[in-house]
Amino acid sequence: MAIDLQDILHAAFDADASDVHLISGHPPFMRVHQVMTPMDFDELTPDDAASMLEQMAPPEAQDIFHKNKDADFSYEIPDLARYRVNAHMQKGAIGMALRMIKTKVPPLAALNLPEVIARLTYLPRGLVLVTGDTGSGKSTTLAAMIQAMNQRYSKHIITLEDPVEYKFESEQCLIEQRELGQDMPTFASGLKHALRQDPDIILVGEMRDLETTALAISAAETGHLVLSTLHTVNASQTVERIIDMYPATQQNQIRAMLSGTLQAVVSQTLFARQDRPGMVPAVETLLCTSAVRNLIREGRTYEIPNVIETNRAIGMCSLDTSIAELYFNGMISKEDAIAQAVYPDKLDKQLAA
């Protein structure tokens, strides 16, 4: 008897899983609070996996998959959840990874984020970056920020996503959501045309190449508020990653542009809570004061961590300081804290004090 996809996804939802993995030759697996767990189902056959792909993927994604052996798309079970899906081949059979996106955008206040994140939603213009590894909660933080602005302002918001994750309802704002592949060929193309669509706020799913990055910075320069993500682990690395995208001959110019447009970098790492079921983020926050802008312009990004440490009064916080606070508040274990620290030896001594 074939395994029912809906049964798997409902069981994963009930278990508060963040991810579901459907791999031929294995039972379905789910990730619950960062731990991979086999589910109480039989092993999936190649036919099971092929049938599930056919149920979930729209025709254009199926065409891409059969051509490239990889495809990304979204799938939704009404009134339950949306899923960001990657289908791929492994050992000659189909495998799928599904990231669960709950249909209701959580309020910022429910995410255990620093208060300064809410202040960023009042910025009139500039570039705000939310960074971190895959699965660190970047999309949820950005969605909550967009929703806060949606409830407060009467503005035009355009999101460019791969794929569309949280679905927004226009409240005070008019919100348009464009999906890579379905509504635009590339992020760069979508961003280029978005600038002609009278936006106030633009969300770019990821600054993954030079053209997209350059357009995002230009959009921030011309008076828009631009939100985006990068797969970097801290603020100084984020600045360097952007500058390193450019040829050496242009790097001084981009330092000057970035120093004028960057407003904040928020870097997240998720931890499994030890005080109760769930996850909690450690957050590094860089706010672009005049001192930070000078460091970026002069190529002294290695000094950014020192500026963060000496400006806690205005809301800046290093990742290790945030991790230490979570530990001292009883939310995470010492082992997890040290494992994720930027300077583990230094944090170990601090936690033992």
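Bear in mind these aren't lab numbers, they're just calculated from the coordinates by the rules spelled out. Values in this document were obtained by computation on a predicted structure and should not be read as measured data. Reconstructed Cβ throughout: ideal geometry from the backbone, glycine too, with neighbour counts over all protein chains shown.
Given the options GLN55, LEU98, ALA12, identify the residue whose Cα lies farthest towards the positive end of the charge dipole of region 5-102 (+1 on Cβ of Lys, Arg; -1 on Cβ of Asp, Glu).
LEU98
At a Cα cut-off below 19 Å, give the lysines reachable from LYS91, other chains included and same-chain residues fewer than 8 away excluded.
Counting by Cα, and skipping residues close in sequence, LYS91 has these lysines nearby: LYS67, LYS69.
Where the centre of each part is set by its Cα atoms, how far does region 39-116 sit from region 310-353, in angstrom?
34
Only four residue types carry charge here, +1 at the Cβ of Lys and Arg and -1 at the Cβ of Asp and Glu. Report the dipole size of region 56-185 about the Cα centre in Debye, rounded to the nearest 20.
Magnitude of the dipole: close to 340 debye.
Would you mind ranking ASP70, ASP336 by Cβ crowding within 10 Å, fewest neighbours first? Provide the component values of the computation, followed by the final result.
Values: ASP70 11, ASP336 20.
Placing the least packed residue first, the sequence is ASP70, ASP336.
Given the options GLY278, ALA110, HIS156, identify the residue whose Cα lies farthest towards the positive end of the charge dipole of region 108-352 (+1 on Cβ of Lys, Arg; -1 on Cβ of Asp, Glu).
HIS156
What is the chain by shape, rounded, prolate or oblate, if you read a ≥ b ≥ c off the alpha carbon gyration tensor as root eigenvalues and call it rounded for a/c under 1.5, prolate for a/b larger than b/c, and oblate otherwise?
Oblate shape, in that a/c is at least 1.5 and b/c is the bigger or equal ratio.
Sequence neighbours fewer than 8 away in the same chain don't count; with that in mind, list the aspartates and glutamates whose C-alpha is under 18 Å from LYS192.
Correct list for LYS192: GLU161, ASP162, GLU176, GLU179, ASP183, ASP200, GLU206, ASP209, GLU211, GLU221.
With the chain treated as a Gaussian network of Cα nodes joined by springs under 10 Å, which of PRO27, PRO114, PRO58 yields the largest mean-square fluctuation?
Per the Cα network of the chain with a 10 Å cutoff, PRO58 tops the list.
Go through region 108-115 residue by residue and turn each phi into a ³J(HN,Hα) via Karplus (6.51, -1.76, 1.60, θ = phi - 60°); whole Hz please, and just put x for glycine and proline.
Coupling constants for region 108-115: 3, 5, 8, 9, 6, 9, x, 4 Hz.
How far is helix 319-328 tilted off the main Cα axis of the chain, in degrees rounded to 10, range 0 to 90?
Once rounded, one gets 70 degrees.
For the residues VAL226, VAL35, VAL292, what sequence is obtained by ranking on other C-beta atoms within 10 Å, fewest first?
Going from least to most buried by this count: VAL35, VAL292, VAL226.
Have a look at HIS193, ASN294, GLY126 and report the one farthest towards the positive end of the charge dipole of region 108-352, computed about the Cα centre with Cβ charges (Lys/Arg +1, Asp/Glu -1).
The residue sitting farthest along the positive end of the dipole is ASN294.
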